[in-house]
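Working notes for the structure below.
The values are calculated or read from the model by the stated rules, or taken from the named source; none is laboratory data. Bear in mind the structure is a predicted one, so any value in this text is a computation, not a measurement. So basically every Cβ, Gly included, is an ideal-geometry build from the backbone, and we count neighbours across all protein chains shown.
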Amino acid sequence: MIDSFLAAPLAQGIGLAGTACGMSWPLFRGRIGMLLAQLAASLFFALHFGLLGAETGSAMNLLAAAQAVVAVPLGTRPGFRLVYLAVLPFIAAGVALTWSGVPSAFAALGFGFVSLARYQTAVRPFRRIMAVALPCWFVHNLMVGSLPGMLSDVVGMALNLAMLVRLRRPAAETAP
């Protein structure tokens with residue numbers, strides 16, 4: 001794994017920039033901050049995976065960047081849900097056009113859960129679904145040799161879990 005990291009320093013350097021963004025999104029308390037950090041991570045990882053030759057990972061991250069932008073107004077403009085849902089067929093087409101076996105399956109599964117998470121307008125369900133998405137991306141990243149991706153996923157999983165625990169409050173505290 002370290003050999004593949006050292007063999008492609010540009011790709012891995014760009015991946016590390018994505019890692020920094022990917023590790024930061026769980027630290028945001030609000031949905032928009034989470035989405036903007038994910039947008040930045042997606043752009044870096046699209047380039048990272050493209051340079052590694054992982055076409056599905058690259059395509060999914062480009063589509064994830066577009067989806068993050070489209071997801072921002074969902075909380076304030078419910079009618080925008082149709083625009084968000086209109087992106088989903090492009091995701092399916094991206095998977096079909098770049099299919100390369102098991103790594104593509106995990107990228108698609110991970111992105112499917114990310115899509116469901118971003119559709120949520122409340123932070124807690126967003127985080128819960130992301131807790132399912134990140135292990136799928138970890139498997140993809142392991143299979144394509146993305147050390148930055150794996151690092152981002154592991155730290156993201158840990159921070160997201162910590163934030164979920166932090167959000168847990170007794171029902172009496174959350175009642176109006």
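Worth pointing out:
- Among the residues making up segment 151-170, those that are under 22 Å from ILE14 (Cβ atoms) and either of a type outside the set (A, V, I, L, M, F, W, C) or touching a Ser or Thr at 6+ places or on another chain (Cβ under 9 Å) (or both) are LEU151, SER152, ASP153, VAL155, GLY156, LEU159.
- Qualifying residue in segment 108-129 (condition: closer than 16 Å to GLN38 by Cβ and in contact with a Cys (Cβ under 7 Å, 6 or more places away or on another chain)): yes
- Being of a type in the set (A, V, I, L, M, F, W, C) and modelled with pLDDT of 90 or more is a description that applies to ALA122.
Yes/no matrix, rows are residues, columns are (1) in contact with a helix residue (DSSP H, G or I) (Cβ under 7 Å, 6 or more places away or on another chain); (2) surrounded by fewer than 17 Cβ atoms within 10 Å (Cβ to Cβ); (3) touching a residue at least 12 places away in the same chain (Cβ under 8 Å); (4) closer than 30 Å to ARG166 by Cα:
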| residue | (1), (2), (3), (4) |
| --- | --- |
| GLN12 | yes, no, yes, no |
| THR19 | yes, no, yes, yes |
| HIS48 | yes, no, yes, no |
| ALA66 | yes, yes, yes, yes |
| VAL95 | yes, no, yes, no |
| SER115 | yes, no, yes, yes |
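- Residue within segment 50-66 that is part of a helix (DSSP H, G or I) and over 20 Å from ASN141 (Cα atoms) present: yes
- Subset of segment 134-150 that is of a type in the set (A, V, I, L, M, F, W, C) and touching a Leu at 6+ places or on another chain (Cβ under 8 Å) - its residue that is surrounded by the most Cβ atoms within 10 Å (Cβ to Cβ): VAL144
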